[in-house]
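The values are calculated or read from the model by the stated rules, or taken from the named source; none is laboratory data. Computed from a predicted structure; not experimentally measured. Positions of Cβ are generated from backbone atoms using ideal geometry, with glycine treated the same way; all protein chains shown enter the neighbour counts. Heavy atoms of the whole protein, side chains included, go into the accessibility calculation; ligands, DNA and RNA do not. Shrake-Rupley method; radii C 1.70, N 1.55, O 1.52, S 1.80 Å.
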Amino acid sequence: MNARTLSGLRSAAVALIALLGTTALLAGPSATSAEAQRVQRHSDRTVRLTLVVESPDIEAEPDDTRRTRARRLLAEEASKRILTRLKAIGVKDPRAIVTPQNHIQVVAPGALSAQVVRGALLAPGKLEIRPVAERSPHWTELAGQLPEGVEIRQNPGQVSPDRVHLWSADFATLHRFTRRLALGETRVEVFPTREGWRTLDLGEVLATEENLASSELRSSPAGIPFVQIELEPGSAETLRGAASSHTSTTLAVMLDGEVVSLIHRTGGQALEIPCPDHLRSHQSRQAWAAQVAGRLATPIPLTIAELTEP
């Protein structure tokens, strides 16, 4: 098992994996102009959060002393991982202090916004890289069952009748319809485009966070942020083989159950996860990159909640 995993933490907490619903900035066609302005206004401010690690297994422990000690160990391990994530997104001199109550006081000077910091911290960082199928013959077969607002569109640059996808201007309409389908081993996900939402047919998992050797937040010469990851040799070879096959030339990057980017070019062990095309503003791209880079910096397979003042 890769040293980046939380094997020690899992043995203490009995593998607590939770999806916390903090992916709002990773989805959606784009951040609104109001959100972009809000991010800019807060870019020079210090973000402060109070977090707590939740564990049903620990709370079920009848011995008070052992329960308190377990809470402390989890909080201390989580704080180390939180610091790693904050540094990965470029926060200078971050702090993650465990209080006597076993809360974690997070101080992030100069972070983009509290929302971006939450997105980078309050999620497990579960990665899946899957191939995107180029042929989807089931969509033409289901043409007569499509709800209003959903249509079949040709894949860009393709003319074959089975190289199509579903499209809708409304996420909820498309998502509800695809969730009612049973297509065998094919997993259907909804991904944003510049003008709406489309389906992606995904194959089996080719790599996960267990196969990551490193990750880094970087920028192109034009200033567009991206995340570069390096995979272990075996996983990199698996991805190259999948990307060069006749059934798929594109890889989908899923993070905490959501497709966050598509990779169209694969080379060596290092891969570039590009910023999605639907994100147009500099602020929305920065927010996306920070959340992705933070989660990939180290997994935190625990339930971490934010404490708010009453």
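Any idea which of (1) modelled with pLDDT under 95; (2) buried (at least 22 other Cβ atoms within 10 Å of the Cβ); (3) among the charged types (D, E, K, R) is the one Arg265 doesn't satisfy?
That leaves (2) as the condition not met.
Looking at Val107, Val117, Val98, can you tell me which residue is in contact with a strand residue (DSSP E or B) (Cβ under 9 Å, 6 or more places away or on another chain), buried (at least 22 other Cβ atoms within 10 Å of the Cβ) and at pLDDT 95 or above?
On the way: Val107 fails: buried (at least 22 other Cβ atoms within 10 Å of the Cβ); Val98 fails: buried (at least 22 other Cβ atoms within 10 Å of the Cβ).
Only one candidate passes the filter, namely Val117.
For region 81-122, give me each residue that is of a type in the set (Lys, Arg) and within 13 Å of Leu51 (Cβ to Cβ).
First, the residues of region 81-122 that are of a type in the set (Lys, Arg): 81, 85, 87, 92, 95, 118.
Across region 81-122, the qualifying residues are Arg81, Arg85, Arg95, Arg118.
Given the condition among the hydrophobic types (A, V, I, L, M, F, W, C), open to solvent by 30 Å² or more (accessible area, probe 1.4 Å), out of contact with any Phe, Trp or Tyr (no Cβ under 6 Å at 6 or more places or on another chain) and over 30 Å from Glu216 (Cβ atoms), answer yes or no: does some residue in region 51-69 qualify?
Taking every residue of region 51-69 in turn, at least one turns out to be among the hydrophobic types (A, V, I, L, M, F, W, C), open to solvent by 30 Å² or more (accessible area, probe 1.4 Å), out of contact with any Phe, Trp or Tyr (no Cβ under 6 Å at 6 or more places or on another chain) and over 30 Å from Glu216 (Cβ atoms).
Filtering region 145-174 down to residues that are β-branched (Val, Ile, Thr) and more than 15 Å from Gly196 (Cα to Cα), which residue is surrounded by the most Cβ atoms within 10 Å (Cβ to Cβ)? Quick ask: steps written out before the conclusion?
The first filter runs over region 145-174 and keeps only residues β-branched (Val, Ile, Thr), leaving 150, 152, 159, 164, 173.
If we keep only those that are more than 15 Å from Gly196 (Cα to Cα) too, we end up with 159, 164.
Values: Val159: 7, Val164: 21.
Per the stated criteria, the residue is Val164.
Would you say Leu83 is modelled with pLDDT of 95 or more and closer than 23 Å to Phe226 by Cα? Even if it seems obvious, please write down each step before you answer.
On the way: modelled with pLDDT of 95 or more: yes; closer than 23 Å to Phe226 by Cα: yes.
Yes.
For the subset of region 193-248 comprising residues that are assigned to a strand (DSSP E or B), open to solvent by less than 50 Å² (accessible area, probe 1.4 Å) and among the charged types (D, E, K, R), which member is nearest to Leu181 (Cα to Cα)?
Asp201
Taking the stated definitions as given, is Gly149 more than 30 Å from Ala297 (Cβ to Cβ) and modelled with pLDDT of 95 or more? Step through it out loud before you land on a result.
Numbers: more than 30 Å from Ala297 (Cβ to Cβ): yes; modelled with pLDDT of 95 or more: yes.
Yes, satisfied.
Among the residues of region 125-143, are any open to solvent by 60 Å² or more (accessible area, probe 1.4 Å) and of a type in the set (Val, Ile, Thr)?
Yes, there is a match, as at least one residue in region 125-143 is open to solvent by 60 Å² or more (accessible area, probe 1.4 Å) and of a type in the set (Val, Ile, Thr).
Inside region 54-172, counting only strands (runs of 3 or more DSSP E) that do not spill past its ends, which hold 2 or more residues that are under 21 Å from Ala305 (Cα atoms) and in contact (Cβ under 8 Å) with a residue 40 or more places away in the chain? Please lay out each step first, then the result.
Details: elements: 95-98, 104-108, 127-132, 150-154, 164-168.
Output list reads 104-108.
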